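S.K.: The structure that follows is given in the form of structure tokens.
The values are calculated or read from the model by the stated rules, or taken from the named source; none is laboratory data. Just so we're clear, the structure is a prediction, and the values are computed from it rather than from any experiment. Counting neighbours? That spans all protein chains shown, and the Cβs are built from the backbone with ideal geometry, glycine included. SASA here: full protein model, heavy atoms, side chains in, ligands and nucleic acids out. Shrake-Rupley method; radii C 1.70, N 1.55, O 1.52, S 1.80 Å.
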Amino acid sequence: MSTNKPNLTRVWASDAPAQNIVDPDITTPNKFAEGWLAEIPPYQHFNYLQQNFTQGLAHNNEQGINVWDADTIYPVNGICKGSDGSLYTALVEQSGNNPVGDLLGNWVSSISINDLSLPYVFDTVAAMQNSSIAFPVGKTIETNYHNLVSNDGGAKYIVRAGSSPEPVGSPNLNGDFYAELQGKSDWMSPEVFGSDGTAAVDSVVIPVYMKEVRKQLWKSGKTYVLDADVAGSSRAFEVFSDTEMSGYGAIVDMRGASNNGFYIGFNNGSLFRNQIRGFRFTQSNVSSITNAIMIEGFVNYMIIEDCTCIGMDQYFIGMGGDNSGYNYLTVRNNVATNINPQVDNQYSLCYEFFPKQSSLGMKFYGNYGEQVGWGGVFKIHTCTDSYIFDNTFIRTSNVGNSQSQAVMLGGRITHPTSKTHFHNNRIEDANSSLGALFIGNTSDNTYVKDNLIKGVGGNIWVGNGLTNSEISGNTVNNIFSLSPAQNDITSLIITGNSFSQLNFQAPSGGQLPDNINGLTITDNVVRTGIRIDVSTSSDDIVISDNEITNVNSTCLLYADNIEFKGNKISVSPSWDQGTQVIVANADNYRQMNNVWDLKGVVSQTAWLNGATGAQIVGETVEDALTRLVLDNGTNTETFDNRLKLSGGSWAVV
């Protein structure tokens, strides 16, 4: 039931003469404070009191809020009206401070506190936490700085009732209220959540709060410590869909064993549109199995660029997990150096992409990788349509018994990799164990083109598969076979390369191919020789138009259905006397239109041991004492051969 409002415009004794209105304290000091006694008060005192009461009510009625005066002691959160008509709230208990123009922090505009449409701004988060202002629920608060130690970072909050569930990021306020951190879809920095560059703070603050921020701006020149041991998890920081992380100049220090710094994906998750840019990853206390970026979910349209990683024990970028994979992954302009500084991690790689789910569409370019220990530099499996170009891969030490090539394209028989384009890269390998580049093992439609591969381990190793693949335009030490059981080579072209030796005849550490069905070796510059052997069968092998110079070991062709034609062959002056230049233990061997310069060496041009259906046609041999030797062959034809002899004879044995 409402109360009727009386007429508050009337003021008692407003027309009375002054002598009829007397302050009791004038006639009896402190009378106002002491009050009435057993007495009959004079009417002048009653007039004064009743005028005081009614005048105050009239003032309230007119102003709504009392106008500020110099005598009133205003408590914290006390409200008055200033002479400018604005309402003010007292921040501290005080008197005599006019709120209009106050610069001493005594007053604040009441509208800025109570109007939910206007944000209230504090300079620091500490000032917000220490403020005695009673904000209404739903009020927006902003800070210019957040971090309690460095006063870095600004943020936006909404006042909520109760105690904060996350007091580091969402601080408690005066009374039973807290400021809930907002703006998680805007650009934010770890400093907003209290990160100050120490493991104890950063390893708690960053994983808890930054995981929900979709646009992250990590501060340039600041070091952030991620220590999974401190955080209580091997996943120091988890990245979610639509997260864009910019850290140009920011340093992320990885600490703790088995620590994945930026962990992306969950074991059963699928993520979209992640971006990681400009971070510098270090590991100040080198621990084992530490990775800067680990992808264990399935990512789509992800970009990793402009990052630097120094001294990580295992991976700069690694990929694993039962459901890991990607559609359209771009990795560009990154640098990974001094990877595996303790040398003994044989699984270490600068860049390792081994998804367990079939993946599509990698672009990997402009990157640099340096491995200093047992492991490799770059590995890719289970992928289709990969473009890997303009990168530098370096392995600096010759650690014995290394378990990896410097670069591996494919390699797992049960995880096919196809349509890989590897071109214009540089590989320098100081490790002689397994070589610089491995391609194969169900890696069809692989194109290795225009790469520079050097160092003591600067070899290409060819594995299983490689149907409709091409190795072209490369400069490399040797091309070897490194074949698992039941190895088949089908429709492989090796053209336009410069190398010392092509050896598919069980080089040191290698194995024989089982079957070759389509191998073309053409237009190469070969500095030593060619050796081909198969354990089961072969067909459609063409060795043509190569320049085979300074040959110092026998070319061994232990495979059926070989055409050896149009080549230019010259042997080294150190050639052993009486040694065959070519030994062909094969059926249907065809040797034609080759030009031989044997430089006066007493040699046998070709030794056909047990060959059936061989043809020696159109050969040009320049030497004094050269013989063509056929041994135990049947149905062999020789015709239209040209010899320039200064002595000796052509002999068929």
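S.K.: What is the P(r) of the chain, as percent of Cα-Cα pairs per 10 Å bin from 0?
M.R.: 3, 13, 17, 14, 11, 9, 8, 6, 5, 4, 3, 2, 2, 1, 1, 0, 0
S.K.: Taking the DSSP beta bridges in the chain as the whole, what percent of them are antiparallel, to the nearest 5? Could the numbers behind the result be given before it?
M.R.: Numbers: 18 of 197 bridges.
Roughly 10 percent of the DSSP beta bridges within the chain come out antiparallel.
S.K.: For a quick check: with amide H placed at 1.01 Å from N, whose amide H comes under 5 Å from Phe438's, ignoring anything fewer than 5 positions away on the same chain?
M.R.: Residues meeting the amide H criterion: Val407, Met408, Leu409, Trp461.
S.K.: Grab the beta carbon distance between Phe53 and Ala161, set R0 = 41 Å, and tell me the FRET efficiency rounded to 0.05.
M.R.: Numbers: r = 38 Å, r/R0 = 0.92.
E(calc), rounded to 0.05, equals 0.60.
S.K.: Taking 0.36 nm per residue of separation and subtracting the Cα-Cα distance, what length does fully extending Phe46 through Arg273 add? Please report the intermediate quantities before stating the final value.
M.R.: Numbers: separation 227, 0.36 × 227 = 81.72 nm, distance 8.00 nm.
That pair, Phe46 and Arg273, stretches by 73.7 nm at full extension.
S.K.: Then there's this: Assign unit charges at the C-beta atoms only (+1 for Lys and Arg, -1 for Asp and Glu), then state the dipole size of region 87-226 relative to its Cα centre in Debye, rounded to the nearest 20. Provide the component values of the computation, followed by the final result.
M.R.: On the way: 9 positive and 14 negative charges, 86 e Å.
Magnitude of the dipole: close to 420 debye.
S.K.: Efficiency by 1/(1 + (r/R0)^6): what FRET value for Asn172 and Ser258, r their Cβ-Cβ distance, R0 = 45 Å, to the nearest 0.05? Can you show the working numbers first?
M.R.: Working: r = 35 Å, r/R0 = 0.78.
The computed FRET efficiency comes out at 0.80.
S.K.: Could you calculate the FRET efficiency of Trp36 with Ser83 from 1/(1 + (r/R0)^6), where r is the beta carbon distance between them and R0 is 41 Å, rounded to 0.05?
M.R.: Values: r = 36 Å, r/R0 = 0.89.
The pair Trp36/Ser83 has a calculated efficiency of 0.65.
S.K.: Using the alpha-carbon centroid of each, what span in Å lies between region 283-305 and region 509-549?
M.R.: Computed from Cα coordinates, the inter-centre distance equals 41 Å.
S.K.: Roll a 1.4 angstrom probe over the protein heavy atoms and tell me the percent of accessible area of the chain that is carbon or sulfur. Mind showing how you got there, number by number?
M.R.: Numbers: 13300 of 27010 Å².
In the chain, the share of accessible area belonging to carbon and sulfur is 49 percent.
S.K.: Can you tell me the dipole magnitude for the chain around its Cα centre, using point charges on the Cβ only (Lys, Arg +1; Asp, Glu -1), in Debye to the nearest 20?
M.R.: On the way: 37 positive and 63 negative charges, 165 e Å.
Taking the Cα centre of the chain as origin, the dipole is about 800 debye.
S.K.: Provide Asp15, Asp102 ordered by accessible surface of protein heavy atoms (probe 1.4 Å), highest first.
M.R.: Working: Asp15 145, Asp102 35 Å².
The ranking, largest first, comes out as Asp15, Asp102.
S.K.: Next up: Report the accessible area of Lys565, computed with a 1.4 Å probe over the heavy atoms of all protein chains in place, in Å² rounded to the nearest 10.
M.R.: For Lys565, the solvent-accessible surface is approximately 70 Å².
S.K.: When the dipole is taken about the Cα centre of region 428-528, and only Lys, Arg (+1) and Asp, Glu (-1) are charged at their Cβ, what size is it in debye, to the nearest 20?
M.R.: Values: 3 positive and 8 negative charges, 43 e Å.
Result for region 428-528 is approximately 200 debye, rounded to the nearest 20.
S.K.: Where does each of Arg426, Arg531 land when they are ordered by accessible area, with a 1.4 Å probe and the largest first?
M.R.: Details: Arg426 80, Arg531 55 Å².
Ranked from most to least accessible, the order is Arg426, Arg531.
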